[in-house]
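Read the structure below first, then the notes.
The values are calculated or read from the model by the stated rules, or taken from the named source; none is laboratory data. Nothing here was measured: the structure is a model prediction, and the numbers come from that model. All Cβ positions, glycine included, derive from the backbone under ideal geometry; neighbour counts span all protein chains shown.
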């Protein structure tokens, strides 16, 4: 029962004291070590000279300290509190490691300040040094703490206020001249990686034993894509590193973790971390899928079952979504997601589970939309098995022929057909 009980004030205070002491001890250690290596590299862009120094922006910058501490006391149960502290400590450890291994500096001299802003700047200067730059620990903590408050508050106005205030915190690292621009995106990416690895309301990445050919082959392709983008980033624009991150995540999912690591949630959307890490993949992949299926977005297979692309989803009371990599674009009355990797034959157990789920939806609702990214293979496999086991077709082959007649673009690999036969025979 301890996991579901509310933490006492004394327990939260002790935990908070430990986290704060750990923060200042490790931060101070990184500053001390970096000071011995001065002068340090400074990475800046010419246009950053036009970033104004906004004295009052120290208020949102400094407010993160209060929100950080307060979050530990606002946790509703011990599980939530332990998870928050794990994320905070992981963020601190990774940032400090980066500061020690790759120290950078911020050499800009701040204008004199006075009043409340001056007091806050003076407080920051007591423990801060210009050596802890990339990734920005302030940005990393703002993401972790901001995500906590987003989950904590359910009212729309409170969530809007959370987004606005934490956006001001993010901007303030530049307008207080505490960080260079490069520190911001690096902080976002590292924090997203930590939040992906230690998620709140999703399954953490876990090692699995994939099929050594079908999974590893695609993992290798994504690794190759990451290498190409890394070369292009060096030649063209460092923004292409975002694509490198996306490809590396995809390689890890195919080669190590499996479909659940996409962290697609019950509402069809991904966690914040995955939305950030896979944004280039989502943008490019979704546009390609929409273009590819523009002439044949969806087809009725039976009077109650429609098969097609996730991006062409019609208004429908029930949806069975077999994709893992893309978010479902709409809100429906009854949505079910069974995440499968694209281009990989689903297991017999997964096929049986999906067919049973489709049968349940078919019996409860007037129509069901079955989809995956393109509506060609994963969703086709489920509909074929359902037709053979529950829809009156005499065999998997007959069911497959029926689907192809209705949707000529549907296709199944030889391995998927074998798995379908085994699932049908069981």
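Summary table
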{"quantity": "Any hit, region 178-194, residues being at pLDDT below 90, touching a strand residue (DSSP E or B) at 6+ places or on another chain (Cβ under 9 Å), crowded, with 20+ Cβ neighbours inside 10 Å and in a loop (DSSP other than H, G, I, E, B)", "calculated": "yes"}
{"quantity": "Yes/no for residue 101 being assigned by TED's automatic domain parsing to the domain that holds residue 182 and without any contact (Cβ under 8 Å) to a residue 60 or more places away in the chain", "calculated": "yes"}
{"quantity": "So residue 282, is it touching a residue at least 12 places away in the same chain (Cβ under 8 Å), within 30 Å of residue 399 (Cβ to Cβ) and outside any loop (DSSP other than H, G, I, E, B)", "calculated": "no"}
{"quantity": "Any hit, region 112-126, residues being in a helix (DSSP H, G or I), surrounded by 20 or more Cβ atoms within 10 Å (Cβ to Cβ) and within 24 Å of the chain's Cα centre (by Cα)", "calculated": "no"}
{"quantity": "Qualifying positions in region 282-291 - surrounded by fewer than 20 Cβ atoms within 10 Å (Cβ to Cβ) and in contact with a helix residue (DSSP H, G or I) (Cβ under 9 Å, 6 or more places away or on another chain)", "calculated": "282, 284, 286, 290"}
{"quantity": "Residue in region 350-380 that is nearest to residue 314 (Cα to Cα), counting only those that are free of Cβ contacts under 8 Å to residues at least 40 places away in the same chain and under 30 Å from the mean Cα position of the chain (by Cα)", "calculated": "376"}
{"quantity": "Residue match in region 415-424 (condition: closer than 27 Å to residue 275 by Cα, touching a helix residue (DSSP H, G or I) at 6+ places or on another chain (Cβ under 8 Å) and crowded, with 21+ Cβ neighbours inside 10 Å)", "calculated": "no"}
{"quantity": "Residue within region 292-309 that is surrounded by 23 or more Cβ atoms within 10 Å (Cβ to Cβ) and within 30 Å of residue 240 (Cα to Cα) present", "calculated": "yes"}
{"quantity": "Number of positions in region 288-333 that are over 28 Å from residue 392 (Cβ atoms) and not in a loop (DSSP other than H, G, I, E, B)", "calculated": "6"}
{"quantity": "Subset of region 13-67 (residues that are within 17 Å of residue 124 (Cα to Cα), free of Cβ contacts under 8 Å to residues at least 12 places away in the same chain and surrounded by fewer than 13 Cβ atoms within 10 Å (Cβ to Cβ))", "calculated": "21, 25, 32, 66"}
{"quantity": "Enumeration of residues in region 127-158 that are surrounded by fewer than 22 Cβ atoms within 10 Å (Cβ to Cβ), touching a helix residue (DSSP H, G or I) at 6+ places or on another chain (Cβ under 7 Å), part of a loop (DSSP other than H, G, I, E, B) and modelled with pLDDT of 85 or more", "calculated": "153"}
{"quantity": "Those residues of region 338-363 which are assigned to a loop (DSSP other than H, G, I, E, B) and buried (at least 18 other Cβ atoms within 10 Å of the Cβ), in sequence order", "calculated": "341, 342, 344, 345, 346"}
{"quantity": "Condition check for residue 405: in the same structural domain as residue 301 (by TED's automatic domain parsing), more than 33 Å from the chain's Cα centre (by Cα), under 23 Å from residue 218 (Cβ atoms) and in a helix (DSSP H, G or I)", "calculated": "no"}
{"quantity": "Residue count for region 155-166, restricted to those that are without any contact (Cβ under 8 Å) to a residue 12 or more places away in the chain and farther than 14 Å from residue 59 by Cβ", "calculated": "7"}
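Rundown of residues vs (1) in the same structural domain as residue 350 (by TED's automatic domain parsing); (2) surrounded by 21 or more Cβ atoms within 10 Å (Cβ to Cβ); (3) at positive phi; (4) under 14 Å from the mean Cα position of the chain (by Cα), yes/no style:
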{"position": "237", "(1), (2), (3), (4)": "no, no, no, no"}
{"position": "241", "(1), (2), (3), (4)": "no, no, no, no"}
{"position": "247", "(1), (2), (3), (4)": "no, yes, no, yes"}
{"position": "253", "(1), (2), (3), (4)": "no, yes, no, yes"}
{"position": "260", "(1), (2), (3), (4)": "no, no, no, yes"}
{"position": "266", "(1), (2), (3), (4)": "no, no, no, no"}
{"position": "269", "(1), (2), (3), (4)": "no, no, no, yes"}
{"position": "274", "(1), (2), (3), (4)": "no, yes, no, yes"}
{"position": "278", "(1), (2), (3), (4)": "no, yes, no, yes"}
